[in-house]
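Here's the structure, in structure tokens; my notes come after.
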Amino acid sequence: MNFIETRGNDGVKPKEVTFSQAIENPSASFGGLYIPKFLPQIDKKFIDECMDLSYKELTLKIIKLFDIDIDDDILKNAVDLYDNFDNKQDPVPLKKINNILFINELYHGPTRAFKDMALQPFGDILSTLAKKENNNYLILAATSGDTGPATLNSFANKDNIKVVCIYPEGGTSDVQKLQMVTQKGKNLKVVGIRGNFDDAQTALKALLNSNKFKNKLNNLHIKLSAANSVNFGRIIFQIVYHINAYIKLLKQNEINYADEIYIAVPSGNFGDALGAYYAKKMGIKIRKILIVSNSNNILNDFINTGIYDIRERKLIKTISPAMDILISSNVERLIYDKFGAKRCKELMSNLKEKGYYKLDSNELEILQKDFRGYYCDDAQTKHYISEYSFMNNYLLDPHTATCIKAYDDIKCAKRKTVICSTAQWTKFAPAVLDAISCGNKTKINDIDALENVAKIMNIEIPKSISNLFIKPILHKTVIDNDQSQLENEIFKFLEE
Ligand SMILES: *Cc1c(COP(=O)(O)O)cnc(C)c1O
């Protein structure tokens, strides 16, 4: 299958590209994104055939439906990376909380966030392609915490790829920072910036738009690619775990074929949610996808009013930082899917030029057939973490916990509900401790918080987390928020 563009074609780029072209060079005409020409369909026969498959086999079977230009052995090697998750037999456990509530634990990979689900196999595929084609790529990532560790871990020591990861010094949790600065790999460079996440992101964007920078890369025969979820190479792996949850519910006799479920997603860039939407469109019986925001509730507003408006908004720092976002990139793929390329281009240029766009009432109705929006502020999030730790003996991370707001709203419908759990509590231990100790532990570092929570809940800190605190620090570069300093650091690294 080939891939087409969300904002139509500009007459310069090819009208259609292959999967490998779409992942190597993810920016499409007019600043748009690549999407598959159509979504393959899953029927009862297909589901029946999946009932006894492992997660890896299911992934391969679903990807096969997309008929992409990647050899079977490359795909197989990529999904073998799920063997490094906590439980090889069951890399993505579905935990039953009560008769209707289930938690799809997507965080059992090496960096304890759901980013591993897609970045592990994606990194492997991109590097294999680059090597085969004798191309060299630079991946630049600005991170507020979870994308950085997952990207570095995925590409560590991979051929033909170099990664530079920029994080705000002091703007991530201790665990997230340690995951980055202790990550081994000759092809990796981690740079702290004295500033916040916006500063890191702005510095990066300026570089990506600089012709001087691109020319210098050209001279070194290095191409740029991207590893965030604008890359379809990540989205394809994010469809699978939603389908897997549905099949598990069938296997465990929780539902019958054709029963509809709810899926709730703590949303940031809308990649996880888009995966659920695609699963629904492919034929999985999902009544509605419940999109949950934190106090940066732009997605909730959009789904409830049809208005996407960033004009009066300032980014609010919350205890669920991976959802602190105003421009949610993958909404564009949804808009394209619902309303076509012409309308998508129009709305996206409105957002860029005027800071907002508005769906008409007809379009809003169409959107609301598939989605419901919610938002959950920090106080309520802490309340849910505390409630579930004491009532259900289950520790929610602050991102996952926001979804309880959606569950509370729809639980009287008695429909099975799957919440996507996007991180392990260990990545956000100070906020979790604060929640379960009734809010009297505000300023505490990660290691003390980890130990306190483990003691209160009578659980162990996973080795992959406690080891971080004794590993040597390998990346010590911290610079001012200054584009030319950043550029210097990047070329010093590339020319080594
Ligand atoms: C990235 C992330 C999210 C947001 O996921 P999107 O696909 O960008 O919507 C939510 N929670 C955690 C812990 C994350 O790391």
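Of note:
- Identification of helices (runs of 4 or more DSSP H) wholly contained in the stretch 404-486 with 1 or more residues that are buried (at least 20 other Cβ atoms within 10 Å of the Cβ) and over 25 Å from the mean Cα position of the chain (by Cα) yields 429-436, 446-457.
- In the stretch 194-211, the residue that is most open to solvent (accessible area, probe 1.4 Å) out of those that are assigned to a helix (DSSP H, G or I) and of a type in the set (D, E, K, R) is Lys205.
- Matching residues in the stretch 250-273 - criterion: being hydroxyl-bearing (Ser, Thr, Tyr), within 21 Å of Asp409 (Cα to Cα) and more than 13 Å from the ligand (Cβ to nearest atom): Tyr262
- Checked against (1) free of Cβ contacts under 8 Å to residues at least 40 places away in the same chain; (2) closer than 20 Å to Phe122 by Cβ; (3) out of contact with any Lys or Arg (no Cβ under 6 Å at 6 or more places or on another chain); (4) open to solvent by 20 Å² or more (accessible area, probe 1.4 Å), Lys162 passes all but condition (1).
- Taken together, the residues in the stretch 89-101 that are within 22 Å of the chain's Cα centre (by Cα) and either hydrophobic (A, V, I, L, M, F, W, C) or open to solvent by 80 Å² or more (accessible area, probe 1.4 Å) (or both) amount to 3.
- The residue that is nearest to the chain's Cα centre (by Cα), counting only those in the stretch 115-139 that are at negative phi and open to solvent by 20 Å² or more (accessible area, probe 1.4 Å), is Lys115.
- The residue of the stretch 274-327 that is farthest from Thr147 (Cα to Cα), among those that are more than 14 Å from the ligand (Cβ to nearest atom) and acidic (Asp, Glu), is Glu312.
The values are calculated or read from the model by the stated rules, or taken from the named source; none is laboratory data. The structure displayed is predicted, hence computed values, not measured ones. Positions of Cβ are generated from backbone atoms using ideal geometry, with glycine treated the same way; all protein chains shown enter the neighbour counts. Side chains are part of the model used for accessible areas, which takes the heavy atoms of the whole protein and leaves out ligands, DNA and RNA. Shrake-Rupley method; radii C 1.70, N 1.55, O 1.52, S 1.80 Å.
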